[in-house]
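K.L.:
After the structure tokens below, expect a handful of questions from me.
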Amino acid sequence: MSQCSLEGAGGPEEEENRWPPWLKPLLKEQFFVHCKFHGDSHKSECNMYCLDCTNGPLCSLCLAHHKDHRTIQIRRSSYHDVIRVNEIQKYLDIGGIQTYVINSAKVVFLNERPQPRPGKGVTNTCKVCYRSLVDDSFRFCSLGCKIAGTSRGFEKGRENLLMETEDSSSSIAIGKNITNLQSFSPSTPPLTTSSNCRIVKRRKGIPHRSPMG
């Protein structure tokens, strides 16, 4: 089975076609809910997905109707959906996505997990949600971020933002230069009360004659 790549750029149609048709629906699904068909069974938790049908999450009992289809299992880590690398890499190129080891198995997260601010000493972050990444070889923290980060719209938006930032920086620099020039201009000293009054000469004292000898 050939892998579908998320890299590259082309026209809108080409860009849409380079993603497998099941990927976007997969990322929008809500897993670990009770199956609407087998709700009475203790195995009714929906943590499976059929890549051929893409008709919603499935429970283990639903798989009987998908015997010859490509199915994958979704797992949970800290309330976020993950999938094992050895399952997803059969159908999708996951290069550039951060992998994690959970229960002795390598996994990737399905969707982004934004971080308020990167930790100290972090030099590499997800290109989309800025979550800290452990290695410079990774560019994204999840499948969803790779889809967003490799789209033409995202790259164009980032270029526009960079241009706006540069223009804003130039305006700030010009403003600072004007302020500095103004600070070097000589200022007129304020008028004081004493400067408005006439300077009165000191009156001479009354002359005294020397005593008669």
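The values are calculated or read from the model by the stated rules, or taken from the named source; none is laboratory data. Being a predicted model, the structure only gives us computed values, none of them experimental. Backbone-built Cβ (ideal geometry, glycine too); neighbour counts: all protein chains shown. Calculation scope for accessible area: heavy atoms of the full protein, side chains included, ligands and nucleic acids excluded. Shrake-Rupley method; radii C 1.70, N 1.55, O 1.52, S 1.80 Å.
K.L.:
On the basis of being in contact with a Leu (Cβ under 6 Å, 6 or more places away or on another chain), assigned by the TED database to the domain that holds Gln98 and at pLDDT 85 or above, does Lys127 make the cut?
P.N.:
Values: in contact with a Leu (Cβ under 6 Å, 6 or more places away or on another chain): no; assigned by the TED database to the domain that holds Gln98: yes; at pLDDT 85 or above: yes.
It is false that Lys127 is in contact with a Leu (Cβ under 6 Å, 6 or more places away or on another chain), assigned by the TED database to the domain that holds Gln98 and at pLDDT 85 or above.
K.L.:
Just to be sure before I move on: is Leu92 in contact with a strand residue (DSSP E or B) (Cβ under 8 Å, 6 or more places away or on another chain), farther than 20 Å from Leu133 by Cα and either at pLDDT 90 or above or not assigned by the TED database to the domain that holds Leu26 (or both) in the structure I sent? So that I can check it myself, show each step before the final result.
P.N.:
Working: in contact with a strand residue (DSSP E or B) (Cβ under 8 Å, 6 or more places away or on another chain): yes; farther than 20 Å from Leu133 by Cα: yes; either at pLDDT 90 or above or not assigned by the TED database to the domain that holds Leu26 (or both): yes.
In short, yes.
K.L.:
Would you mind telling me which numbered condition in (1) surrounded by fewer than 18 Cβ atoms within 10 Å (Cβ to Cβ); (2) touching a strand residue (DSSP E or B) at 6+ places or on another chain (Cβ under 7 Å) Lys127 fails?
P.N.:
Among (1) surrounded by fewer than 18 Cβ atoms within 10 Å (Cβ to Cβ); (2) touching a strand residue (DSSP E or B) at 6+ places or on another chain (Cβ under 7 Å), the lone unmet condition for Lys127 is (1).
K.L.:
Checking Pro20 against (1) modelled with pLDDT under 95; (2) open to solvent by 80 Å² or more (accessible area, probe 1.4 Å); (3) under 19 Å from Phe140 (Cα atoms), which single condition isn't satisfied?
P.N.:
All conditions are met except number (2).
Table: residues versus (1) modelled with pLDDT under 90; (2) not in a strand (DSSP E or B).
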| residue | (1), (2) |
| --- | --- |
| Leu6 | yes, yes |
| Ala9 | yes, yes |
| Glu13 | yes, yes |
| Phe31 | no, yes |
| Ala64 | no, yes |
| Ile72 | no, no |
| Asp81 | no, no |
| Glu87 | no, yes |
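K.L.:
What number of residues in segment 104-124 are touching a Ser or Thr at 6+ places or on another chain (Cβ under 8 Å), under 24 Å from Ile72 (Cβ atoms) and open to solvent by 60 Å² or more (accessible area, probe 1.4 Å)?
P.N.:
To start, the set of residues in segment 104-124 that are touching a Ser or Thr at 6+ places or on another chain (Cβ under 8 Å) comprises 106-113, 115, 118-119, 122, 124.
Narrowing the set further to residues that are under 24 Å from Ile72 (Cβ atoms) leaves 106-113.
When the remaining residues are screened for being open to solvent by 60 Å² or more (accessible area, probe 1.4 Å), the result is 106, 111-112.
Residues flagged as touching a Ser or Thr at 6+ places or on another chain (Cβ under 8 Å), under 24 Å from Ile72 (Cβ atoms) and open to solvent by 60 Å² or more (accessible area, probe 1.4 Å) within segment 104-124 amount to 3.
K.L.:
Can you name every residue in segment 103-126 that is charged (D, E, K, R), part of a loop (DSSP other than H, G, I, E, B) and either over 27 Å from Leu26 (Cβ atoms) or in contact with a helix residue (DSSP H, G or I) (Cβ under 8 Å, 6 or more places away or on another chain) (or both)?
P.N.:
Glu112, Arg117, Lys120
K.L.:
Still on this structure, please answer the following. On the basis of being on the phi < 0 side of the Ramachandran plot, of a type in the set (Lys, Arg) and out of contact with any strand residue (DSSP E or B) (no Cβ under 9 Å at 6 or more places or on another chain), does Arg84 make the cut? Break it down stepwise before answering.
P.N.:
Numbers: on the phi < 0 side of the Ramachandran plot: yes; of a type in the set (Lys, Arg): yes; out of contact with any strand residue (DSSP E or B) (no Cβ under 9 Å at 6 or more places or on another chain): no.
So Arg84 fails the test.
K.L.:
Another one. If a residue must be open to solvent by 60 Å² or more (accessible area, probe 1.4 Å) and either part of a strand (DSSP E or B) or at pLDDT 90 or above (or both), how many such residues does segment 38-52 contain? Before the answer, list the steps.
P.N.:
Taking segment 38-52 first, the residues open to solvent by 60 Å² or more (accessible area, probe 1.4 Å) are 40, 42-43, 45, 52.
Subsequent filtering for residues that are either part of a strand (DSSP E or B) or at pLDDT 90 or above (or both) retains 45, 52.
Qualifying residue count for the region: 2.
K.L.:
Further question: If only one of Val134, Val101 is surrounded by fewer than 14 Cβ atoms within 10 Å (Cβ to Cβ) and free of Cβ contacts under 8 Å to residues at least 12 places away in the same chain, which one is it? Give the derivation first.
P.N.:
Numbers: Val134 fails: free of Cβ contacts under 8 Å to residues at least 12 places away in the same chain.
Answer to the check: Val101.
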